[in-house]
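A.B. asks: Let me give you the structure first, and then I'll get to my questions.
The values are calculated or read from the model by the stated rules, or taken from the named source; none is laboratory data. The model shown is predicted, which means the values in this text are computed figures rather than measured ones. Reconstructed Cβ throughout: ideal geometry from the backbone, glycine too, with neighbour counts over all protein chains shown.
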């Protein structure tokens, strides 16, 4: 059975996989995120899918290409592929929002499960970056994520290291993506 709820104590959020890419025949992946005050993620981009945010409750700060917007309950915004972005909760109340990846991306779903599992196990630093370079490489390659600046130039290295660590990736997937039952 596929794990559906993921907690990241470093970012301060809970992600629930509502509809997987497999369940929608690849059309989309749908997640619901609950983000605590002060929570958020680092700047990144996706090459293979757009990422649509729809605020369900509260207020979400969304930065796209260095331009920050505040989304309120009912507001939506779609980040197109290749656009660097991040989100944060700058309020003193939790925010709940839906995230739709179009098309769906099983690799992103798995990378989220692995990243949150690593965070729960203390295998990431305070910024949410894995302690092991091989884990960072696996997550970047699996999730179709691009990092900004000089790290973007490292993407071929990340892909190579991920490929060389295929067995480690399978082990991470078995540990964090699936539960018995």
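A.B. asks: Just checking, how many residues over the range 110-144 are closer than 13 Å to residue 46 by Cα and surrounded by 19 or more Cβ atoms within 10 Å (Cβ to Cβ)?
C.D. replies: Summing the residues that are closer than 13 Å to residue 46 by Cα and surrounded by 19 or more Cβ atoms within 10 Å (Cβ to Cβ) in the range 110-144 gives 6.
A.B. asks: List pairs: first residue in the range 8-28 and in the same structural domain as residue 112 (by TED's automatic domain parsing) and at positive phi, second residue outside any loop (DSSP other than H, G, I, E, B) and surrounded by fewer than 19 Cβ atoms within 10 Å (Cβ to Cβ) anywhere in the structure, Cβ distance under 8 angstrom, at least six positions apart or on different chains.
C.D. replies: Qualifying pairs under 8 Å: none.
A.B. asks: Is it true that residue 128 is part of a loop (DSSP other than H, G, I, E, B), in contact with a helix residue (DSSP H, G or I) (Cβ under 8 Å, 6 or more places away or on another chain) and either free of Cβ contacts under 8 Å to residues at least 24 places away in the same chain or not assigned by TED's automatic domain parsing to the domain that holds residue 25 (or both)?
C.D. replies: yes
A.B. asks: Any residue at all in the range 17-31 that is out of contact with any helix residue (DSSP H, G or I) (no Cβ under 7 Å at 6 or more places or on another chain), crowded, with 19+ Cβ neighbours inside 10 Å and not in a loop (DSSP other than H, G, I, E, B)?
C.D. replies: yes
Quick grid of which residues meet (1) free of Cβ contacts under 8 Å to residues at least 12 places away in the same chain; (2) assigned to a loop (DSSP other than H, G, I, E, B); (3) under 21 Å from residue 53 (Cβ atoms):
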| position | (1), (2), (3) |
| --- | --- |
| 68 | yes, no, yes |
| 83 | no, yes, yes |
| 101 | no, no, yes |
| 104 | no, yes, yes |
| 134 | no, no, no |
| 138 | no, no, no |
| 161 | no, no, no |
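A.B. asks: How many residues, within the range 97-117, are within 24 Å of residue 73 (Cα to Cα) and in contact with a helix residue (DSSP H, G or I) (Cβ under 7 Å, 6 or more places away or on another chain)?
C.D. replies: Within the range 97-117, residues that are within 24 Å of residue 73 (Cα to Cα) and in contact with a helix residue (DSSP H, G or I) (Cβ under 7 Å, 6 or more places away or on another chain) number 1.
A.B. asks: Now for a different question. Any residue in the range 11-31 that is in contact with a strand residue (DSSP E or B) (Cβ under 9 Å, 6 or more places away or on another chain) and farther than 21 Å from residue 105 by Cβ?
C.D. replies: Within the range 11-31, one or more residues are in contact with a strand residue (DSSP E or B) (Cβ under 9 Å, 6 or more places away or on another chain) and farther than 21 Å from residue 105 by Cβ.
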